[in-house]
């Protein structure tokens with residue numbers, strides 16, 4: 001019986017350039033990271049001063065900073081650190097590192113505040129100019145909308161044109177396009193915390209109407225109409241510091257008092273200094289005078305009221321007429 005078994009030989013064909021795994025890539029990346037950290041440490045050691053080296057060494061020896069050679073503040077971030085005793089291991093803060101008081105006085109703080117306020121007003125000015133340029137409804141009237149920065153704040157002037165008045169003739173009724181201009185500016189001005197002052201101006205042409213109604217009443221009524229439109233557009237009424245009419249006392253074009261540009265509405269976004277000045281004037285005007293006999297013209301308590309002075313006595317008291325000048329009775 002033949003017990004010979006067949007011998008099977010299995011040959012595996014190796015393919016050159018086959019996959020060998022990616023473990024070597026991770027090892028190479030770790031090695032490169034370590035080398036980069038090593039060279040970074042070497043560069044820092046060569047560029048650090050001896051004081052910085054001692055501070056680093058002391059930090060690693062005592063990170064909490066109990067010893068004199070160690071410091072809990074290795075990296076100088078600027079300023080003066082002020083530790084809190086209830087959040088550190090120290091019972092009392094170190095007097096040497098307590099926060100120093102500010103060296104700025106009141107005038108410097110006021111000057112810095114005014115500078116920041118002016119920069120904010122300049123940003124708003126640029127935003128309003130961009131809005132006029134980008135809004136097709138406002139671009140048509142850009143020649144009638146004037147902007148400038150003054151010492152009292154941001155001044156926005158909307159002036160009349162010869163064939164494009166802001167108000168109906170001789171009244172305080174706004175034209176529709178003027179309402180659109182005010183409503184478009186209300187959102188931008190409302191974003192500022194500053195209060196505003198609204199003033200109305202007319203030209204020098206006398207008002208042809210009732211005898212008891214003139215340019216003073218007309219300019220004040222137009223300024224108040226502009227205020228109502230801004231409030232209707234969402235501007236807070238309490239942010240309006242003043243509404244006033246100037247008639248023709250502050251002409252824009254003094255060379256030509258009848259120029260239509262003199263008819264205008266002036267909206268002034270007040271600085272804090274100008275706002276305090278206005279509020280101070282208003283408080284002084286609303287303060288009642290002292291109730292004294294000299295100021296009120298009345299008699300002191302317990303005394304009968306004094307009789308009114310007759311014209312000759314009044315003229316003598318006020319010294320209106322000098323010696324040698326005829327008085328009124330003699331001229332008659």
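Tabulated data
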quantity: Residue among 251, 192 that is touching a helix residue (DSSP H, G or I) at 6+ places or on another chain (Cβ under 8 Å) and either surrounded by fewer than 16 Cβ atoms within 10 Å (Cβ to Cβ) or at pLDDT below 90 (or both); calculated: 192
quantity: Lone qualifier among 144, 100, 129 - being closer than 18 Å to residue 226 by Cβ and either exposed (fewer than 12 other Cβ atoms within 10 Å of the Cβ) or modelled with pLDDT of 85 or more (or both); calculated: 144
quantity: Test set (1) over 29 Å from residue 258 (Cβ atoms); (2) in contact with a strand residue (DSSP E or B) (Cβ under 9 Å, 6 or more places away or on another chain); (3) in contact (Cβ under 8 Å) with a residue 60 or more places away in the chain - residue 125 fails condition number; calculated: (3)
quantity: Residue tally, condition part of a helix (DSSP H, G or I) and under 26 Å from the mean Cα position of the chain (by Cα), over the range 144-177; calculated: 1
quantity: Looking only at the range 198-225, and only at residues there that are touching a residue at least 60 places away in the same chain (Cβ under 8 Å) and within 26 Å of the chain's Cα centre (by Cα), the one that is surrounded by the most Cβ atoms within 10 Å (Cβ to Cβ); calculated: 200
quantity: Single match in 70, 106 (criterion: modelled with pLDDT under 55 and more than 30 Å from residue 221 (Cα to Cα)); calculated: 70
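The values are calculated or read from the model by the stated rules, or taken from the named source; none is laboratory data. Because the structure is a prediction, the values reported are computed rather than measured. Positions of Cβ are generated from backbone atoms using ideal geometry, with glycine treated the same way; all protein chains shown enter the neighbour counts.
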